[in-house]
1. Spot the failing condition for Lys266; the list is (1) away from the ligand (no atom under 13 Å from the Cβ); (2) touching a residue at least 40 places away in the same chain (Cβ under 8 Å); (3) more than 26 Å from Arg164 (Cβ to Cβ), and only one is missed.
2. For the stretch 106-117, state whether one or more residues are within 15 Å of the ligand (Cβ to nearest atom), within 20 Å of the chain's Cα centre (by Cα), surrounded by 16 or more Cβ atoms within 10 Å (Cβ to Cβ) and charged (D, E, K, R).
3. Quick one: would you say Ala149 is of a type in the set (Gly, Ala, Ser), touching a strand residue (DSSP E or B) at 6+ places or on another chain (Cβ under 7 Å) and surrounded by fewer than 18 Cβ atoms within 10 Å (Cβ to Cβ)?
4. Note down all Cβ pairs under 9 Å where the first residue falls in the stretch 208-232 and is modelled with pLDDT under 95 and of a type in the set (Phe, Trp, Tyr), the second is in a helix (DSSP H, G or I) and surrounded by 21 or more Cβ atoms within 10 Å (Cβ to Cβ), and they're at least six residues apart or on different chains.
5. Out of everything in the stretch 206-247 that is assigned to a helix (DSSP H, G or I) and among the β-branched types (Val, Ile, Thr), what residue ends up being nearest to Asn110 (Cα to Cα)?
6. Got a number for residues in the stretch 18-32 being closer than 24 Å to Ile87 by Cα and touching a strand residue (DSSP E or B) at 6+ places or on another chain (Cβ under 7 Å)?
7. Run down Phe62, Phe79 and say which single residue is outside any helix (DSSP H, G or I), buried (at least 18 other Cβ atoms within 10 Å of the Cβ) and either away from the ligand (no atom under 13 Å from the Cβ) or modelled with pLDDT under 95 (or both).
Amino acid sequence: MTLTLEPLHPLFAAEAGGVDLGRPLDAETIRAIDAAMDRYAVLVFRGQPLDQAQQVACAKQFGPLDAGLRKATGAPTRFQYEELIDIGNVALDGSVADRENAKLIGVLANQLWHADSTFQDVAVKYSMLSAVVVTEEGGETQWADLRAAWDALPEKTKRHLEGRTGRHSAFHSSIALGDDRYNEEQLRRFPPVERALVHVHPGSGRKVLYPSVHIDRVSGLSVPEGRLLVAELLEHATQPAFVYTHTWREGDYVMWDNRATLHRGKRYDLAARRDLRRTTTLERHAAQAAAA
Ligand SMILES: [Fe+2]
């Protein structure tokens, strides 16, 4: 198989072709996809309708999988694999969920700019989203290039940010939206995690500005000052020039690097069926990768 790449945006994101993700990939193809991810950070594969087993098998070729927030909420799943994360509005019985459905409310925070699972201790690397049923309108996913966002910052702002950390809290964005049904035990399962506001992307060696709606405070600043700074950085990082918008078709498979991008889902009519399924790989440290 030979991977083909067609840029979708002047800065990042490419459409990838020439591979069948439903079958095992050879080592050379995996290396080519990894190299393309290092360069483009978002890869769109069209026409890849995967069943649950195929999606899990495909994702596992890129690293060990994470189970997402369900680890804390313990919510039941409609899938055969706990590594499949439900992004959409389908209820456990297969019907379109009522808008008051707890699980549906829980995924609404995905409409705010974030990278996946930055609130947990073990960092994640790639997320991969498979579109099974899409809405006719709305529900686009947008990604922002955080390397370009860093490059474009004034030097004075860069100096203000270097060395600072943001505190990422699992339920901060949901609670800010008024979804505050999380109990003490769930909150305890995900203690906040400090992450650098600026880091180096391992794949490209480029610096990354790393704001997120998961950040509830910034080191060295009062809580309101930190939150205002995060809001300002999010506005900067997600300006149209740095954003790729993806309009979903059924059978699309999009993978992205959470260490170099932010993303959000756009609003859609909650009465229309939407079934997107995510898998996410954990960041492997050099020693683990060498041993694998
Ligand atoms: Fe996400």
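The values are calculated or read from the model by the stated rules, or taken from the named source; none is laboratory data. Just so it is clear, the model here is predicted, and its values are computed rather than measured. Using ideal geometry, Cβ is built from the backbone for each residue, glycine included, and neighbour counts are taken over all protein chains shown.
1. Looking at each condition in turn, Lys266 falls short on (1).
2. If we filter the stretch 106-117 for residues that are within 15 Å of the ligand (Cβ to nearest atom), which is where we start, we get 106-117.
Now narrow it down to the ones that are within 20 Å of the chain's Cα centre (by Cα): 106-117.
Add one more test, that the residue is surrounded by 16 or more Cβ atoms within 10 Å (Cβ to Cβ), and what stays is 106-117.
If we keep only those that are charged (D, E, K, R) as well, we get 116.
Within the stretch 106-117 (the criterion being within 15 Å of the ligand (Cβ to nearest atom), within 20 Å of the chain's Cα centre (by Cα), surrounded by 16 or more Cβ atoms within 10 Å (Cβ to Cβ) and charged (D, E, K, R)), the answer is yes, since at least one residue qualifies.
3. Values: of a type in the set (Gly, Ala, Ser): yes; touching a strand residue (DSSP E or B) at 6+ places or on another chain (Cβ under 7 Å): yes; surrounded by fewer than 18 Cβ atoms within 10 Å (Cβ to Cβ): no.
Considered against the rule, which asks whether it is of a type in the set (Gly, Ala, Ser), touching a strand residue (DSSP E or B) at 6+ places or on another chain (Cβ under 7 Å) and surrounded by fewer than 18 Cβ atoms within 10 Å (Cβ to Cβ), Ala149 comes out as no.
4. none
5. Within the stretch 206-247, the subset assigned to a helix (DSSP H, G or I) is 223-237, 240-242.
Next cut, among the β-branched types (Val, Ile, Thr) only: 223, 230.
Numbers: Val223: 23, Val230: 17 Å.
Looking at the filtered set, the residue picked out is Val230.
6. Total satisfying the criteria: 1.
7. Numbers: Phe79 fails: buried (at least 18 other Cβ atoms within 10 Å of the Cβ).
Every option except Phe62 fails the conditions.
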